[in-house]
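These notes are about the structure you will find just below.
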Amino acid sequence: MGSSGSGHFSDYPGTKAKEVAGDGSGMAGGASGVDKCKQAFHVLLDDVGNSDFYSRFKNVPTAGAQLGILFDKKRVFAVDVNGFKVGALPTSFNYLVTCLANGVTYVGVVRSSAVSPVPTVDADFAPK
Amino acid sequence: MMTHTDAVLVVGEIVVDYTLAQHGAMCKLRLGGVVHAARGLWAAELEYSVAAFCPRYLVDEAKRYLTECGCKEFIWLGDVVGAPNVILIGDVTEVSHQGYEDLMRDTKVVKFHDPLPRLNGYQKILVFPGKFDINVLASAFSEEARFSFDIAYDLDDLSALEAFKERVQAVIISTSSSLFMKLGKDDIEGLLDAVRTVSPTVLLLKENRGGSRLFDLRDGVVEEIPATLGHTVNSVGVGDVYSAVMVGLSHKGWTQAAWRGCQAATAYSQSTFPDDIKRDMQRGFRLSLDVLQALGGTTLPWHDRQSYSIYLAGPDFSYVEKQELDRAADGLTYHNFRVRRPIIANGELKRPASESDLQRTYHMDCQLLKECDTVFAIPLDRDPGTLVEIGMAIEMGKPVITYDPRHENENTMVVVGSSVYSANLDACLNGTFNAIAGLRAKSR
């Protein structure tokens with residue numbers, strides 16, 4: 001027996017999150033301490049075969065190449081150091097538009113890539 | 001009395017929401033009812049007050065909490081006796097019926113204070129009907145007051161709003177509500193006709209993961225507002241936040257207000273920590289409406305969902321332990337999808353089956369698969385029939401959503417060939433909405 005986070009209301013603004021002691025499973029506090037905009041992420045890019053980079057060079061960036069993030073007013077893209085679009089980020093990453101609009105920027109690096117059988121690029125990004 | 005021209009007065013009940021711990025998720029104790037709307041207004045930095053019914057034991061706690069959330073004034077409208085006003089919540093992600101349990105609801109009684117507190121300092125009123133007679137409240141407001149109603153559970157007939165006729169700005173209904181089930185489940189016109197009897201400016205229909213539609217009843221224009229589907233942390237109160245922020249921003253025009261309300265609701269669904277919600281909401285509000293509209297999202301109106309068939313692939317046999325399959329089927333049906341279950345459509349074979357029965361059933365199932373627009377597969381026990389159907393559907397170019405709750409099929413062809421592959425039903429439901437919304441967008 002013990003507390004399970006139900007002893008009192010705890011989600012007051014301005015208080016930090018903490019797990020409630022006891023047997024279970026409660027979480028108290030007003031802020032979780034987690035900020036999605038400030039988290040690193042890994043992504044497999046979409047539409048690499050239709051990208052500016054592939055169309056121009058008939059190739060994909062090699063592992064280790066540096067990438068950035070660009071929102072072109074419609075979709076979020078990974079771009080190379082010269083600004084060529086390498087591929088689109090899946091729409092589940094649309095939250096990055098809000099992060100970018102609030103001054104967070106990201107730097108990325110190609111983790112692996114391949115031209116065939118279909119052009120693919122996967123990359124790691126972290127906030128600067 | 002001081003007049004609060006811009007402040008929203010939120011009227012309704014305050015309850016205690018208790019989310020049960022399950023599937024590794026932590027339990028959560030929160031003030032609920034109109035407090036969800038209050039959190040949303042605070043996070044949106046909009047001025048508001050609360051006039052509420054709640055049991056006496058909650059009054060001090062509610063006042064204290066709401067004051068911390070920027071509430072200008074708390075007005076206790078009356079006591080709730082015979083029940084603790086505690087709601088137990090089973091499913092926080094609303095993959096299916098949420099399983100709300102309103103403890104001792106049959107013996108609950110709302111007692112108005114006599115005389116009623118005056119509410120005539122407010123002009124922008126948002127009412128969440130509950131187990132109280134709204135018409136008793138009508139006399140407490142000023143002549144200038146304008147009303148919006150978010151109708152969820154305790155109102156089955158719009159005639160209850162007649163005392164407010166010509167003073168109604170927005171009627172807000174969710175596809176989860178009993179009123180929607182009664183008036184608009186099959187045909188939106190029935191709902192629109194009923195809503196017009198109280199002469200509101202707009203009707204907002206919240207359609208869960210399929211987005212929402214704002215009907216401007218002055219000119220007949222319909223604005224589709226897409227949903228932003230992500231990981232749902234807690235769906236409780238999300239619709240209330242949508243309504244509150246929309247009403248709070250209505251002076252900016254109903255279209256902009258609805259888009260912002262939707263943004264607020266998304267932030268509220270993704271955290272139960274108020275400071276996180278406020279941070280994310282304020283960040284989102286910095287995006288222009290043009291950017292928001294360009295980003296889009298998932299639009300799949302309730303009434304369009306029956307136009308697309310989902311082939312339910314899985315060992316749907318009477319002799320198989322398949323509770324995950326049944327839960328998925330319930331979830332899809334709850335969201336008004338047209339689920340085709342081959343075992344139900346074409347029958348379950350006897351064991352052992354004759355060769356002719358096998359032949360006939362094979363061809364009927366193949367035909368059904370061809371007729372369907374998408375496949376929702378649940379390959380429990382690595383059921384070979386299901387895996388073949390997944391392969392056939394991939395080859396036919398149909399979107400395949402594979403729900404693998406027991407992690408039995410983590411195989412290249414299954415994982416990569418599926419549009420969505422997950423052990424999480426919430427993610428698979430999002431995938432289904434996205435896939436069919438995509439088919440709808442292509443056909444327009």
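Okay, residues lined up against (1) farther than 20 Å from B:Asp114 by Cβ; (2) free of Cβ contacts under 8 Å to residues at least 40 places away in the same chain; (3) among the small types (Gly, Ala, Ser):
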{"position": "B:Leu20", "(1), (2), (3)": "yes, no, no"}
{"position": "B:Ala44", "(1), (2), (3)": "yes, no, yes"}
{"position": "B:Tyr57", "(1), (2), (3)": "yes, yes, no"}
{"position": "B:Cys69", "(1), (2), (3)": "yes, no, no"}
{"position": "B:Gly82", "(1), (2), (3)": "no, yes, yes"}
{"position": "B:Asn85", "(1), (2), (3)": "yes, no, no"}
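Scanning the range B:291-321 for residues that are within 14 Å of chain A (Cβ to nearest Cβ) and within 26 Å of B:Gly184 (Cβ to Cβ) yields a count of 5. For the range B:330-358, the tally of residues that are closer than 30 Å to B:Ser178 by Cβ and either free of Cβ contacts under 8 Å to residues at least 12 places away in the same chain or in contact with a strand residue (DSSP E or B) (Cβ under 6 Å, 6 or more places away or on another chain) (or both) stands at 7. Listed conditions (1) in contact (Cβ under 8 Å) with a residue 12 or more places away in the chain; (2) not in a loop (DSSP other than H, G, I, E, B) are all met by B:Gly130, apart from (2).
Conditions tested, residue by residue: (1) part of a helix (DSSP H, G or I); (2) out of contact with any strand residue (DSSP E or B) (no Cβ under 6 Å at 6 or more places or on another chain); (3) within 14 Å of chain B (Cβ to nearest Cβ).
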position: A:Val34; (1), (2), (3): no, yes, yes
position: A:Cys37; (1), (2), (3): yes, yes, yes
position: A:Lys73; (1), (2), (3): no, yes, yes
position: A:Val86; (1), (2), (3): no, no, no
position: A:Val107; (1), (2), (3): no, yes, no
position: A:Ser112; (1), (2), (3): no, no, no
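If you go through the range A:42-83 and pick out every residue that is under 30 Å from B:Met26 (Cα atoms) and crowded, with 16+ Cβ neighbours inside 10 Å, you end up with 1.
If you go through the range B:428-444 and keep only what is touching a residue at least 12 places away in the same chain (Cβ under 8 Å) and either within 23 Å of B:Thr93 (Cβ to Cβ) or of a type in the set (Lys, Arg) (or both), you end up with B:Cys428, B:Leu429, B:Asn430, B:Gly431, B:Thr432, B:Phe433, B:Asn434, B:Ala435, B:Ile436, B:Ala437, B:Gly438, B:Arg440.
The helices (runs of 4 or more DSSP H) found entirely in the range B:203-290 that carry 2 or more residues being away from chain A (no Cβ under 11 Å) are B:238-248, B:254-269.
Residues in the range B:110-122 that are crowded, with 19+ Cβ neighbours inside 10 Å and either assigned to a strand (DSSP E or B) or acidic (Asp, Glu) (or both): B:Val110, B:Tyr122. Is it true that some residue in the range A:9-18 is at pLDDT 85 or above, closer than 30 Å to A:Gly108 by Cβ, at the interface with chain B (Cβ under 9 Å from one of its Cβ atoms) and within 26 Å of the chain's Cα centre (by Cα)? No: the range A:9-18 contains no residue that is at pLDDT 85 or above, closer than 30 Å to A:Gly108 by Cβ, at the interface with chain B (Cβ under 9 Å from one of its Cβ atoms) and within 26 Å of the chain's Cα centre (by Cα). Those strands (runs of 3 or more DSSP E) of the range B:26-97 in which at least 3 residues are away from chain A (no Cβ under 14 Å) and over 26 Å from the mean Cα position of the chain (by Cα), considering only elements entirely within it, cover B:74-81. Look at B:Leu380 and say whether it is in contact with a strand residue (DSSP E or B) (Cβ under 9 Å, 6 or more places away or on another chain) and modelled with pLDDT of 95 or more. Here the answer is no, as B:Leu380 does not meet what is asked. Against the condition in contact (Cβ under 8 Å) with a residue 60 or more places away in the chain and at negative phi, how does B:Val11 come out, does it pass? Judged against the criteria, B:Val11 is a match. For the condition within 24 Å of B:Val110 (Cβ to Cβ), modelled with pLDDT of 90 or more and among the aliphatic types (A, V, I, L, M), B:Ala140 qualifies.
The values are calculated or read from the model by the stated rules, or taken from the named source; none is laboratory data. Remember, predicted model here, so these are calculated numbers, not experimental data. Note: ideal-geometry Cβ built from the backbone for every residue, glycine included; neighbour counts use all protein chains shown.
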